[in-house]
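Okay, so here's the structure we're looking at.
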Amino acid sequence: MKKKVLFILGTAHCGSTLLSLILDSHPQCFTVGELSNFPTLNKTGKLDNFWNHQFSQKELHNLSLGLSNARISPAIPLKVEKFFREIVNDDIFRPYSIIASKTPADIIVDSTKVIYWISSMLQLKELKKKFDIYLLHLVRDGRAVLNSYLKQRRDMTVKEFADLWLKRVTNNEVFFEKFYTKNKILVRYEKLVTQPLATTQQICDFLGIEFQPEMLEYWKYEHHIISGNRGTRASMNKHKNSIEKKQNLINELIKLDSSWLTNVTENTIGEFYAIIGDKNKSYEWDYE
C-alpha cells in the first residue's frame, strides 16, 4: 500500500501552522512543515533535534541537495543530472522516501504552501511512483490576512499587500482547479477554528484515516515542524507549561482571530478592496 503526501496550498497567514499541528497529532500523519526551508535551516544548524537524531549527516546532506532544486554538479544541467540520478535510484532526489523511512506514519504533510514548490516537487519521479498525492487548499478572509501582514511587516503598504494577495490567491485558485487528481479539498480557516471537530473529521475522511478527537489537543504532542507561524507555536509552548492548570484548552488555542475588526481601519479596508475588486467576496466570513 502506497504512503501519501499531502501538500497544503495557501497564502501566508492562512492558518497552515495550526492545521499542520493538528494533523501532526494524528498517529498516521507526520508533518514536516515548510520543507522548502530545510536546506537553509540545515546549513545554519537550526533544525529541530529530531532531524539530527533520526538522520545521518549524509542523509541530511542528500535531503538538502535534493530539496534545494539547484545544480549539484556545476558542469551538468540539473535536468540531466536528475534524469541519470533517478535511473540509478540515487537518494538525492528521493527526499520524501527518505523522510517516510524514518517514521511509521502513512501520510507526510508538507505545508510549504506555494505553487512553485508544489509544482517542483510533483516532478520528482518518486512521488509519481511511490506515493499517492493529495492537495488541501486552505483559504482565509483576506481582511484577516491583511491584518496579520501589516502587524508583522510594518514597512509594507496596503497596495503592496493587495497586489501580492490578489496575485497569489488568483494563482492558487487556478492551480487548485487544474490539479491533476481528484484527491483535493478546499478548507476554510474560519471553519477549522469555529467548527474544529467537524472540519477535522472532514479532512480525516478525505485522507482516508480515522478521526481521533485527541488530535485537536495538539499541544500535548511533540512536533518537529520546519518553520511555520511563530505566534501559533509560541502560544502552544506557552500553554504547554500550564496544562495541569487548564484541563481544556481547545477553546483557547483553536479560536477565530477577529482582531482585524479593531486593528484595521475602514479606510485601509476600502483601499484594499479598491485594488482587489470582488476577489475576496467568496472568502469573506461573517464575524457576527
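The values are calculated or read from the model by the stated rules, or taken from the named source; none is laboratory data. Since we're looking at a predicted model, the values are computed, not measured. Here the Cβ positions follow ideal geometry from the backbone for every residue, glycine too, while neighbour counts run over all protein chains shown.
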Out of all the residues in segment 183-191, is one or more touching an Asp or Glu at 6+ places or on another chain (Cβ under 8 Å) and either hydrophobic (A, V, I, L, M, F, W, C) or farther than 15 Å from residue 283 by Cα (or both)?
yes
Please list, ordered by first then second residue, the pairs with beta carbon atoms under 6 Å, 6 or more apart or interchain, first in segment 1-23 and at pLDDT 95 or above, second part of a helix (DSSP H, G or I) and among the basic types (Lys, Arg).
11/168
Determine whether residue 83 is aromatic (Phe, Trp, Tyr), surrounded by fewer than 18 Cβ atoms within 10 Å (Cβ to Cβ), under 27 Å from residue 217 (Cβ atoms) and modelled with pLDDT under 90.
no
Residues 160, 210: which one is within 19 Å of residue 278 (Cα to Cα) and either in contact (Cβ under 8 Å) with a residue 40 or more places away in the chain or not small (Gly, Ala, Ser) (or both)?
160
Among (1) modelled with pLDDT under 95; (2) of a type outside the set (Phe, Trp, Tyr); (3) in a strand (DSSP E or B) - the single one residue 40 does not satisfy
(3)
Filter pass, residue 210 being more than 30 Å from residue 52 (Cα to Cα) and at pLDDT below 90:
no
For segment 24-32, does any single residue satisfy the condition of being at pLDDT below 95 and in a helix (DSSP H, G or I)?
no
Within segment 164-180, track down each residue that is under 19 Å from the mean Cα position of the chain (by Cα), closer than 20 Å to residue 134 by Cβ and either of a type in the set (A, V, I, L, M, F, W, C) or surrounded by fewer than 17 Cβ atoms within 10 Å (Cβ to Cβ) (or both).
171, 173, 174, 175, 176, 177, 179
Test of understanding: among 199, 170, 265, 194, which residue is modelled with pLDDT of 90 or more, closer than 22 Å to residue 152 by Cβ and not charged (D, E, K, R)?
265
